[in-house]
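Derivation of every value follows stated rules applied to the coordinates shown; laboratory data play no part. Because the structure is a prediction, the values reported are computed rather than measured. Don't worry about glycine lacking a Cβ; one is built from the backbone with ideal geometry, like all the others, and counts go over all protein chains shown.
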Amino acid sequence: MTGCGVVKMKGEVGKIFGETSSFEFEFVVFNPRDVKRGDYVKVWNDVEGWIVAYVTDVKAKSDFSSEDVIKGRNVESEIYVAKASVIGKRENGYLRAPRTPFVPGEKIFLAEEDLVADVLGMSQEGAYIGLLGDTSVRVRLDINSLVQKHVCILAKTGSGKSYTAGVIIEELIEKGVPLLIIDPHGEYSSLRYRNDVSEETERMGEFGIKPRGYDSIRVYVPPGSPFADRADGVIHLDGRNLDAEEIIELGNITSSSAQALLYQVLKDMHDYTIDDILSRVEGEKHSSKAVILGALTKIQKSGLFSENPTPLEILLQKGRAVILDLRGLDPVYQDLIVARVCDRLFDMRKREEIPPGMIVIEEAHNFIPERGFGKAVSTQILRTIASEGRKFGLGLMVISQRPARVDKNVISQCNTQIILRLTNPNDINAVRKGVEGLTAEMVEEVKRLPPGNAVVVSPELERPVIVRVRVRKSRHGHAVEIFGGRKSGKTKRKEVKSESRNQSQSGLFKRIFGG
Ligand SMILES: Nc1ncnc2c1ncn2[C@@H]1O[C@H](COP(=O)(O)OP(=O)(O)O)[C@@H](O)[C@H]1O
Ligand SMILES: [Mg+2]
């Protein structure tokens, strides 16, 4: 038995020993059941009063040797030693770290939840995303900071990115923040329905929430979408002034002489429609003319562009969360829609024609790829929103399973960073570099986080914390991977399958099921 003979005060769980500093110390744990990695403890400092520290590790030590093993002896006693990293104390609203080292022999107590919440700077208001570590302290993120200073959610597939995004979206909807959700997998329209998964509803008491659905959801789809019958509307874009790059991408023009011709034709055209380009190209005497005409005709046939485009202000409206369900759409068209929509919204926001709000980008590596990991026409505007959006009240929620492949600048513009489990070394490296204030210990934690647990870094929190993300109030829709044939997540709901009967024959949509 450890701790025998030690004089203990009531509630005392350990005592400091060995070398200490004002940043970290080690303490002997009297009973290993009382102190675990991730716990918050407090220690009395004669000069400073109560100081809070975070347990980064607990080790068992004994003098049991190889010789003991050979001689068949048993372990007689082991001691448990915890390592703690000092957080500090709150004084006049500010966190202060002690300036004097802790004295060996000082007593360690478990810190009360109120004290921990106060020291870490937990707010009583804001978006409630879950509970701190093993405690019942609610972690709330400031709404203005979330919306204006951007948030990223990074984690490997299946560790809870979209689920966590859903939790934040629920909170933002309840606070009335206008949202546009770019939804390549059609996962978010289930926000309409209350969560009825029993394993999750059973845990609602623990988090102090109740199931509910949101009727402020509106779903829009592109023309030809097989999911149009469930949508609130179809969006058409203004096809004016498509640039050469966009036409090359949409029309899949690979011939360099055709590309050259297109650049040449567009060089002196201003404010034009697709028809205008068609008639100009028709007048050319060039061997590649047919390629361009074919590409333009295909773009027109997509039906995406119209003389009567959808007024895009409907995508960001007071009291609404609008979902742009791009499921099944050719990725090139997804990219173009995101580019054009975001460009227009940013413009309207600058002129205050739409309210402040947030754009949620799932699969962000496809829209804002890091250099060397592909090209996307939406990159430029998303970079601009990341760097200038806060001035105009337009925020981004960037979600990706490949942090290493998302534009580094955009990630580092995100003030709130939510990281769930990651295992790929390149992705871990990207997070280590891109997330300010992430300690080496937290990086280690990231590799081991159980599903639904996140490391959260936020400007309001004094240090990164581990959060048990709360269960969803509304139903979580499961992602269906359409391109590349890989399925991510579980496709529990049978209704998903029946949607295939509405298969569109439009060339923009790939066969989704049973292809
Ligand atoms: N906070 C959570 N509470 C309960 N279950 C969760 C939580 N986060 C994730 N899950 C479970 O993990 C699964 C995968 O999460 P999901 O968000 O779809 O992963 P991805 O990271 O691929 O987007 C979900 O279907 C859900 O069952
Ligand atoms: Mg997902």
Note, ³J(HN,Hα) from phi for region 77-94, Karplus 6.51, -1.76, 1.60, rounded to Hz, x at Gly and Pro: 8, 10, 10, 9, 10, 10, 9, 10, 10, 6, 9, x, 9, 9, 9, 6, x, 10
Efficiency of FRET between Asn252 and Asn409 - r from beta-carbon atoms, R0 51 angstrom, step 0.05: 0.95
HN-Hα J in Hz across region 423-432 - Karplus 6.51, -1.76, 1.60, θ = phi - 60°, x for Gly and Pro: 10, 5, x, 5, 5, 5, 4, 4, 5, 4
Beta bridges per DSSP with both ends in the chain, % antiparallel, nearest 5: 65 percent
Sites Met9 and Asp215 - FRET efficiency at Förster radius 60 Å, r taken between beta-carbons, to 0.05: 0.60
Mean Cβ neighbour count within 10 Å, used as a protection proxy, ranking 165-178, 49-62 highest first: 165-178, 49-62
Virtual spin-label span in nm between Glu67 and Met204, 7 Å along Cα→Cβ: 6.4 nm
Three semi-axes of the equivalent ellipsoid, region 12-120, Cα gyration tensor, whole Å, largest first: 32, 13, 10
Footprinting exposure proxy for Met397, Met122, Met204 (fewest neighbouring C-beta atoms within 10 Å first): Met204, Met122, Met397
Whole-Å semi-axes of the chain's equivalent ellipsoid (Cα gyration tensor): 53, 23, 23
Region 90-187: C-alpha gyration tensor shape, a/c 1.5 cut-off, then a/b vs b/c: prolate
Relative contact order (percent, whole number), the chain, Cα cutoff 8 Å, 6+ residue spacing: 19 percent
Thr423/Glu112 FRET efficiency (R0 45 Å; Cβ-Cβ; nearest 0.05): 0.80
Hz values of 3J(HN,Hα) by residue in region 34-42 - Karplus curve (6.51, -1.76, 1.60), Gly and Pro given as x: 7, 10, 10, 4, x, 7, 9, 10, 10
Mean Cα-pair separation over length for region 272-361, i.e. relative contact order, pairs under 8 Å, 6 or more apart, %: 25 percent
Nitroxide proxy distance, nm - points 7 Å out along Cα→Cβ at Ala60 and Glu444: 1.8 nm
Length gained when the stretch Ser287-Ser387 is fully extended (0.36 nm per residue, less Cα-Cα span): 31.6 nm
Among Val197, His185, Ile153 the positive-end extreme of the charge dipole of region 142-204 (Cβ point charges): Ile153
Inverse of mean 1/r across different Cα pairs in region 190-257, Kirkwood, Å: 16.4 Å
Tensor-based shape of region 244-305 (alpha-carbon gyration tensor, a/c under 1.5 rounded, otherwise prolate or oblate): rounded
Packing-based order for 436-442, 318-324, 272-278, 107-113, using average beta carbon neighbours within 10 Å, highest first: 318-324, 107-113, 272-278, 436-442
Calculated [θ] (222 nm, deg cm²/dmol) that DSSP helices of n ≥ 4 give over the chain, each run adding -39,500 (n - 2.57): -8000 deg cm²/dmol
Check: the chain dipole with +1 on Lys, Arg Cβ and -1 on Asp, Glu Cβ, in debye: 960 debye
Average Cα contact separation per residue, region 12-109, under 8 Å, 6 or more apart, as relative contact order %: 42 percent
Theoretical gain in end-to-end length, Phe17 to Asn74 [0.36 nm per residue, Cα-Cα removed]: 17.9 nm
Charge context of Phe64, other residues only, Cβ under 13 angstrom, K/R +1, D/E -1: -2
Size of electric dipole in region 244-305: Cβ of Lys, Arg +1 and of Asp, Glu -1, about Cα centre, debye, nearest 20: 260 debye
Region 12-120, dipole about Cα centre (Lys/Arg Cβ +1, Asp/Glu Cβ -1), debye to the nearest 20: 140 debye
Stokes-Einstein translational diffusion, region 177-216 - Kirkwood Rh over all Cα pairs, 1.567 mPa s, 4 °C, in µm²/s: 110 µm²/s
Label-to-label distance, nm, for residues given as Asn92 and Tyr263 (7 Å Cα→Cβ offset): 6.2 nm
